[in-house]
Each structure stands twice: as structure tokens, then as C-alpha cells.
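S.K.: My questions will all concern the structure given below.
The values are calculated or read from the model by the stated rules, or taken from the named source; none is laboratory data. Bear in mind that the values here come from a model prediction, so they are computed numbers and not experimental data. Counting neighbours? That spans all protein chains shown, and the Cβs are built from the backbone with ideal geometry, glycine included. Calculation scope for accessible area: heavy atoms of the full protein, side chains included, ligands and nucleic acids excluded. Shrake-Rupley method; radii C 1.70, N 1.55, O 1.52, S 1.80 Å.
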Amino acid sequence: MLRIILILGCSYMKEGMRTSVEAILLVQEHNHPHILLLQIGNTFCKLPGGRLKPGENEIEGLKRKLMSKLGANNPGVVPDWQIGECVAVWWRPNFETTMYPYCPPHITKPKECKKLFLVHLSEREYFAVPKNLKLLAVPLFELYDNVQRYGPVISTIPQQLSRFHFNMVTQ
């Protein structure tokens, strides 16, 4: 943890607040909405995305991150990432790992801002997943209020998506 704090501290001094973007990739499986997560090892899960370059546009940066994390290496299969609206914003007020769904009022210079965007997938999509990761389709009901397993950001996605109406497509 000390190493993460030192790295974040050094980049903060050089570049200012870190901006991260992550994708909520919603799919349908067994007539239920699922979120695609990348699993590292046997336990840790995360949304696809990552840190933006200084001054980089959020939408273009998220497309770049999705291509680097999930894009197929086949030039004939180029995904058309349709980035939708921002559904959540999380803040890291200091150099610790804890993030909040608001910026505390006494914080004038937060260290990181993370935005979660809904990404619309085409009916058929191809992904290339790095060997050290697994791509999981996790049902929304499993994420709900499951902070112990998925952390505070991912476990609140069902609440963030509750304002949307999903039409399940039957084949």
C-alpha cells in the first residue's frame, strides 16, 4: 500500500489530479442483465478502463483503454465502442485507497476522479482478453450490496443503473 501511495503522490506532483474512466459493459444472459468484469487472479475483479493521459478526452480515453484491454488483435474485427452517459463519479480525496461517491467539502484538491460510463455493445461483439485476466459476466443481483466481494464502486452499479429500463431481447 505504501508503494501505491508513493506512485500516486509522485504523479500527482507532476500532473495534478488523476482522472480514470471505466466501462460498464452490460450484457444479457439467461434473460437477466449482467456486467462484464475483468478478474485478476482468483478474487479481485475490476471494470475495464483505466487512467487517462493528462489532457485526454474522457470518451476517447475510454475507447483507447477498451481497445488495449479487450480489443481483438484482428484488423478485420474493430469494435465500435458506443460510449453512453456517465452513470457515476467517484473521488479519492487523499493518497489512500478509499474512494467516495462525493468529494468531501473540506477537500480542495482531490487526488483522483473516477467516472463510470455505460457502454452500449452491438448484438455480437468479439473480445481479446489478456492471459492474466478472465472476463466474467456477473449478474446485477450478485453485485448488489456485495461490498466484501466487489468493493464499494462495483457493488453500487445496480443502484446507479436503477434509473434505466432494460428491455431483454428474446431470440
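S.K.: Ordering 53, 114, 46 by how much accessible area each has at a 1.4 Å probe, largest first, what is the list?
M.R.: The most accessible residue leads, giving 53, 46, 114.
S.K.: Let me know the Kirkwood hydrodynamic radius for the chain, please, with Cα pairs as the basis and the value in Å to one decimal.
M.R.: Hydrodynamic radius (Kirkwood, Cα only) of the chain equals 17.2 Å.
S.K.: A further question on this structure: With a 1.4 Å probe and every protein chain left in place, work out the accessible area per residue of the chain in Å², rounded to a whole number. It would help to have the intermediate numbers written out before the result.
M.R.: Values: 10390 Å² over 171 residues.
With all protein chains present, the chain gives 61 Å² per residue.
S.K.: For 98, 19, 108, give me the order by solvent-accessible area with a 1.4 Å probe, most accessible first, ignoring ligands, DNA and RNA.
M.R.: 108, 98, 19
S.K.: With labels modelled as points extended 7 Å from the Cα through the Cβ direction, what inter-label distance (nm, one decimal) is found for residue 59 paired with residue 30?
M.R.: Distance between the two pseudo-spin positions: 3.6 nm.
S.K.: Angle check, please: helix 58-70 long axis (alpha carbons) against the longest principal axis of the chain (alpha carbons), in degrees 0 to 90, nearest 10.
M.R.: For helix 58-70, the angle is close to 60 degrees.
S.K.: At a probe size of 1.4 Å, how large is the accessible area of residue 164, to the nearest 10 Å²?
M.R.: 50
S.K.: May I pose another question? Going down the table (46/109; 53/111; 63/114; 63/115; 53/115; 111/131), which pairs top 23 Å between alpha carbons?
M.R.: 46/109; 111/131
S.K.: Can you pull the accessible area of residue 166 for me, 1.4 Å probe, Å² to the nearest 10?
M.R.: Residue 166 has an accessible surface of roughly 60 Å² with all protein chains in place.
S.K.: Pairs of alpha-carbon atoms within less than 8 angstrom and 6+ residues apart define the contacts here; what relative contact order does the chain have, in percent?
M.R.: 29
S.K.: Can I ask one more? Ranked from the most accessible area to the least, with a 1.4 Å probe and all protein chains present, what is the order of 136, 116?
M.R.: My answer, sorted largest first, is 136, 116.
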